[in-house]
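A.B. asks: I'd like to ask you about the structure that follows.
Since every read-out is calculated from the coordinates, none of them should be taken as a lab result. What you are looking at is a predicted structure, and each value in this text was computed from that prediction instead of being measured. Cβ placement follows ideal geometry from the backbone for every residue including glycine, while neighbour counts extend to all protein chains displayed.
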């Protein structure tokens with residue numbers, strides 16, 4: 001059986017799909033977002049990628065970069081750590097030589 005040579009073009013994101021993507025990207029940590037951005041850039045650099053995929057990948061890349069930038073601008077979350085108990089000073093003993 002022959003493979004169908006005509007592929008249907010991928011439609012652009014709907015508003016609901018784009019909002020769902022934004023929610024998923026916002027929930028990712030910075031390491032996952034970095035990987036997403038790197039993968040999207042590689043995909044856009046691939047000449048064999050179907051042209052109908054490019055707008056979707058570009059939207060995802062733009063959103064991921066924006067979220068990554070906003071996460072890097074936020075101050076890091078630091079857990080409060082109780083200060084260590086004070087160390088009592090001990091008297092030094094004289095050492096006779």
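A.B. asks: What order do you get for 56-64, 42-50 when each peptide is scored by the mean count of other beta carbon atoms within 10 Å, highest first?
C.D. replies: By packing density, highest mean first, the sequence is 56-64, 42-50.
A.B. asks: Where q = 0.13, 0.17, 0.24, 0.26 Å⁻¹, what log10 of I(q)/I(0) comes from the Debye formula for the range 15-73, counting one point per Cα?
C.D. replies: Log10 of I(q)/I(0), two decimals: -0.32, -0.54, -0.96, -1.07.
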